[in-house]
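Contents: one structure, followed by commentary.
The values are calculated or read from the model by the stated rules, or taken from the named source; none is laboratory data. Predicted model only: the values in this text are computed from it and were never measured. Glycine also receives a Cβ, built like all others from the backbone with ideal geometry; neighbour counts cover every protein chain displayed.
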Amino acid sequence: MFDKLKEYLGVLNSFSFTMSQITNHSLAIDTLRISEARYRSLFENIDQSVIYLDAAGIVVAVNKAAEQLLGLPRDITIGRKFVDSCVKVIKEDGSNFPEEQQPSVVALRTGKPVEGVVMGLFNPEQQNYLWVVVNSVPEFRAGERQPHQILMTLTDITRQKQSEGKLSMASVIFNNIGEGIFVTDKDKKIISVNEAFIAITGFTHQDVYGQNAHFLQSKKNSIKIDDELNGLAGPVNNWQGEVWRRHKINGDFPSWTTVSEVKDASGEVAHYVHVFMDITHFKKAQDHLGFLAYHDPLTKLPNRLLLKDRIDHSLQNALREGSQAAVLFLDLDRFKGINDTYGHAVGDGLLREAAKRIKNLVRKEDTVSRYAGDEFVVFMENIPDAKNPAKLARKLIDTFNAPVYIKGYRLKMSTSVGISLFPQDGHDTETLIKNADAAMYRAKKEGRNNFQYYSLELTSEAFEKMSMECALRQSIERHELILYYQPQVCLKTGKLVGVESLVRWMHPTLGLISPKQFISIAEESGFIVALGEWALQNACTQMIRWMDENLYVEKMVVNVSAIQFLRSDFVATVERVLRSTGLDPCYLELELIGSGFMDNSEHTIKALNQLVALGIDLTIDDFGVGCFSFNNLKRIPVKKLKINGSLVVDMLSNINDEDITRALIALGHGLHLQIIAMGIESQAQQNRLMELGCDQGQGHLYSSPVLPWANIFRKLSE
Ligand code: C2E
Ligand code: MG
């Protein structure tokens, strides 16, 4: 097209030249006129922008297309230098286009055509650049070596330049943006990722290329992006939301993701563009804010709001299930004094310590809240009975009594606790807290460092138990515990084979109390550990004493509660007692009480084996009541089984009990264990047990438990 135009315009030019030479030849003039008109029309109407410059670079002719392209009427451009008519001319790289390098100037200077030069012509009206490809062709008069004019054609490439610019801008954005971007094809297969994607996910191009977009999603997501995308409709073809993404090494992270559909010319989805940013920090900050809204910043405990929420929710369940719950309202005694005396930093430390101690005591399902200043609330859901919260209250009071060390000060703190119960003392959170608070005030009035139920009856019941527990704790130092001893005999020979030590408590006001009344309290409060050690120590000492008195007893049998065993280093205790008393372990037999020994844990089995390795015999007490597993029985290194007295008592009248006893004896013998029957009160019971093959017996028939100097031991050992 361009070449043709050149040809036409060249001819036109040469004609116009010839015209000035020929004046008198009318035919020729006519022909020329026609021809000139034809070519002028062509010049004017052709789509290509054409401009003629003279030898000085002055514009001499501009066609319509050029006029439109430049946006300047020709009477402005003609007669001026072409470059003057544009404020600024730039090269493709944006730099200034010096006049001497511009194609028309070069073509004039060199006499050679300059083609395909891209120029940006600034349009001051539109404040943008007009991008053109310029060809400048010099034209010569016959015989002249200097061009007399320049034919300049301009082709508008502004659009092309703009989309090129957009593309390169998009590519710059794609690779420099902070958000991770990956693009998939219509089948969700990843085809491209940007630099930020690699930095954020740790995956490289190779790791993900061709993978389905799912590959980058974590299993933590509750939503499926595919479902969301399928739901897209209407003009907004993108989806935004929180998506958990995979990191190649560091695990999952939350992202804010935008997925956009890209459609092809036919309106079909061709690509999906996923843009995402890692919002871990944002989430953390958000979580922290959420945490602060519902927690006390000092102790990190739930605040009132969260407490109320939890109680409200729990009471609904309790109502549905008919279960009980309790609110314990704690107030630190004399906290204000500590704050005033030692300053707020110490006060804060004390509150933090109080929170820690409370948290350490409650069950996982309980809620501990810092209610206000020095007030804490514990909410216990699903409590087994009304007495249960008193146990926690006691433990709380005890734990607060231990000294606190803050900033070099040794401080004493104590607390008063009020307890309200659901449903007895209120059906809603506010009432329960209000009543627990009222009970707490009563506890303060009663002299602090104690607890009160909202209901007075429950308080007195709990106090009875509590005062029993308090007194029991002092029983050892007050020498109120006494060991009684009961003989165990061989059924065949009637000879003494062992003596069981049985503890009693000489209560200062209630008199001699049976272990049945206080062992469970000792177990609940943990005092059983001290009590058990005391009994072991005294029983072993008694055994040595008998030896010194030349009374031969084969075994000293000491009861061991499972709780005592599990809550202390029992093996070490036994070793210590044997060392301190000097008793040979072969004289010691331990009766294991409770299913805790049957827990089949490695710890239990190891400890029991250590005891056996020392030379101690083990017996399972109360065999035949409660649960036992044959498998566990095989793993525990016991030597003897003790049949519970309740079976023996009814054995003669109740055929079932006899059958059970027979089966237990057969089972024990099958495992090569000895069998001792407890609670033998009559000759008939003894005879029946002998017929069943029982080895040993214990019971009132031989002797009830007695003090160690009783005659019976010597009598039976002779
Ligand atoms: P246990 O080990 O089964 O002790 C046997 C209980 O049966 C004793 O009750 C004993 O007095 C009673 N008894 C003995 N012969 C007869 C009889 O012929 N008929 C009837 N009906 N009862 C008989 P006690 O002394 O009241 O002890 C009760 C339980 O207290 C013991 O049961 C034992 O589990 C626990 N206990 C006693 N002393 C200790 C101890 O030092 N440590 C631990 N952890 N528990 C102990
Ligand atoms: Mg026993």
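Filter segment 110-150 down to the residues that are of a type in the set (S, T, N, Q) and part of a loop (DSSP other than H, G, I, E, B), then identify the one that is surrounded by the most Cβ atoms within 10 Å (Cβ to Cβ).
Among them, the one singled out is GLN146.
Residues in segment 542-564 that are closer than 18 Å to GLY615 by Cα and buried (at least 18 other Cβ atoms within 10 Å of the Cβ): MET543, VAL553, LYS555, MET556, VAL557, VAL558, ASN559, VAL560.
Within the bounds of segment 520-532, is there any residue that is out of contact with any helix residue (DSSP H, G or I) (no Cβ under 7 Å at 6 or more places or on another chain) and under 19 Å from HIS479 (Cβ atoms)? Yes, the conditions are met somewhere in segment 520-532.
Each residue in segment 292-316 was checked for being surrounded by 13 or more Cβ atoms within 10 Å (Cβ to Cβ) and either of a type in the set (Ser, Thr, Tyr) or farther than 17 Å from ALA355 by Cα (or both), and 8 of them qualify. Checking each residue in segment 494-548 for being part of a helix (DSSP H, G or I), in contact with a Phe, Trp or Tyr (Cβ under 8 Å, 6 or more places away or on another chain) and of a type in the set (Phe, Trp, Tyr) picks out PHE518, TRP546. Restricting attention to segment 53-77, which residues are free of Cβ contacts under 8 Å to residues at least 24 places away in the same chain and either within 19 Å of GLU125 (Cα to Cα) or of a type outside the set (A, V, I, L, M) (or both)? Within segment 53-77, ASN63, LYS64, ALA65, GLU67, GLN68, LEU72, PRO73, ARG74, ASP75, ILE76 qualify.
For segment 436-475, a residue qualifies if it is part of a helix (DSSP H, G or I), more than 15 Å from VAL327 (Cα to Cα) and charged (D, E, K, R), and the qualifying residues are ARG442, LYS444, LYS445, GLU457, GLU461, GLU464, LYS465, GLU469, ARG473. Taking first residues from segment 549-562 that are closer than 18 Å to ILE482 by Cα and within 9 Å of ligand 1 (Cβ to nearest atom) and partners that are of a type in the set (S, T, N, Q) and modelled with pLDDT of 95 or more, the Cβ contacts under 7 Å between residues at least 6 apart in sequence or on separate chains come to VAL557/GLN488; VAL557/SER501; VAL558/SER501. Considering segment 399-427, and only residues there that are modelled with pLDDT of 90 or more and assigned to a helix (DSSP H, G or I), the residue that is surrounded by the most Cβ atoms within 10 Å (Cβ to Cβ) turns out to be PHE400. Listed here are the strands (runs of 3 or more DSSP E) enclosed by segment 616-691 that have at least 1 residues being hydroxyl-bearing (Ser, Thr, Tyr) and either within 16 Å of ligand 2 (Cβ to nearest atom) or closer than 22 Å to VAL560 by Cβ (or both): 617-623.
Residue-by-condition table, conditions (1) at pLDDT below 85; (2) in a helix (DSSP H, G or I); (3) loosely packed, with under 14 Cβ neighbours inside 10 Å:
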residue: ASP3; (1), (2), (3): yes, yes, yes
residue: LYS6; (1), (2), (3): yes, yes, no
residue: LEU9; (1), (2), (3): yes, yes, no
residue: THR18; (1), (2), (3): yes, yes, yes
residue: ASP30; (1), (2), (3): yes, yes, yes
residue: GLY94; (1), (2), (3): yes, no, yes
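On inspection, ASN600 does not qualify as surrounded by fewer than 19 Cβ atoms within 10 Å (Cβ to Cβ), away from ligand 1 (no atom under 14 Å from the Cβ) and in a helix (DSSP H, G or I). Taken together, MET547, MET543, MET556 contain a single residue that is touching a helix residue (DSSP H, G or I) at 6+ places or on another chain (Cβ under 7 Å) and away from ligand 2 (no atom under 16 Å from the Cβ), which is MET543. Residues in segment 357-388 that are more than 20 Å from GLY426 (Cβ to Cβ) and surrounded by 14 or more Cβ atoms within 10 Å (Cβ to Cβ): ARG357, ILE358, LYS359, LEU361, VAL362, ARG370, ASP374. Restricting to segment 675-690, what's the tally of residues that are within 14 Å of ligand 1 (Cβ to nearest atom), among the hydrophobic types (A, V, I, L, M, F, W, C) and surrounded by 21 or more Cβ atoms within 10 Å (Cβ to Cβ)? Summing the residues that are within 14 Å of ligand 1 (Cβ to nearest atom), among the hydrophobic types (A, V, I, L, M, F, W, C) and surrounded by 21 or more Cβ atoms within 10 Å (Cβ to Cβ) in segment 675-690 gives 5.
For the condition in the same structural domain as LEU330 (by TED's automatic domain parsing), within 24 Å of MET380 (Cα to Cα) and more than 37 Å from the chain's Cα centre (by Cα), LYS395 does not qualify. For the structure I just gave you, tell me whether GLY693 is away from ligand 1 (no atom under 16 Å from the Cβ), under 17 Å from LYS492 (Cα atoms) and among the small types (Gly, Ala, Ser). Here the answer is yes, as GLY693 does meet what is asked.
Reported count of residues in segment 490-506, each being among the small types (Gly, Ala, Ser) and either within 14 Å of LYS715 (Cβ to Cβ) or within 10 Å of ligand 1 (Cβ to nearest atom) (or both), is 2. Contact annotation: residue pairs with Cβ atoms under 7 Å, 6 or more positions apart or on different chains, pairing a residue in segment 576-594 that is away from ligand 2 (no atom under 16 Å from the Cβ) with a partner that is modelled with pLDDT of 95 or more and outside any helix (DSSP H, G or I), are PRO585/GLY615; PRO585/ILE616; CYS586/GLY615; TYR587/LYS555; TYR587/MET556.
Given (1) modelled with pLDDT under 95; (2) closer than 27 Å to THR431 by Cα; (3) of a type in the set (Ser, Thr, Tyr), where does THR299 come up short, assuming only one miss? In the conditions (1) modelled with pLDDT under 95; (2) closer than 27 Å to THR431 by Cα; (3) of a type in the set (Ser, Thr, Tyr), THR299 misses (1) alone.
Pairs meeting the criteria (first residue in segment 390-404 and of a type in the set (Phe, Trp, Tyr), second residue in a strand (DSSP E or B), beta carbons under 9 Å, at least 6 apart or on different chains) are PHE400/LEU330; PHE400/LEU332; PHE400/THR415. If we scan segment 436-446, do we find a residue that is closer than 30 Å to LEU292 by Cβ, in contact with a Lys or Arg (Cβ under 7 Å, 6 or more places away or on another chain), surrounded by fewer than 20 Cβ atoms within 10 Å (Cβ to Cβ) and not polar (S, T, N, Q)? Scanning segment 436-446 turns up no residue that is closer than 30 Å to LEU292 by Cβ, in contact with a Lys or Arg (Cβ under 7 Å, 6 or more places away or on another chain), surrounded by fewer than 20 Cβ atoms within 10 Å (Cβ to Cβ) and not polar (S, T, N, Q).
Here's the yes/no breakdown for (1) away from ligand 1 (no atom under 16 Å from the Cβ); (2) surrounded by fewer than 16 Cβ atoms within 10 Å (Cβ to Cβ); (3) among the charged types (D, E, K, R):
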{"site": "ALA462", "(1), (2), (3)": "yes, no, no"}
{"site": "ARG478", "(1), (2), (3)": "yes, yes, yes"}
{"site": "GLN488", "(1), (2), (3)": "no, no, no"}
{"site": "PRO508", "(1), (2), (3)": "yes, yes, no"}
{"site": "PRO515", "(1), (2), (3)": "no, no, no"}
{"site": "PHE518", "(1), (2), (3)": "no, no, no"}
{"site": "GLU523", "(1), (2), (3)": "no, no, yes"}
{"site": "TRP534", "(1), (2), (3)": "no, no, no"}
{"site": "GLN537", "(1), (2), (3)": "no, no, no"}
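From the list ILE191, ILE198, the one residue that fits, being over 22 Å from LYS81 (Cβ atoms) and in contact with an Asp or Glu (Cβ under 6 Å, 6 or more places away or on another chain), is ILE191. Give the number of residues within segment 693-707 that are away from ligand 2 (no atom under 16 Å from the Cβ) and either crowded, with 19+ Cβ neighbours inside 10 Å or outside the structural domain of GLY645 (by TED's automatic domain parsing) (or both). Matching residues across segment 693-707 total 2.
A Cβ distance below 6 Å, combined with a sequence gap of six or more or placement on separate chains, defines the contacts here; from segment 342-368, residues that are at positive phi reach no residue that is not in a helix (DSSP H, G or I) and not β-branched (Val, Ile, Thr).
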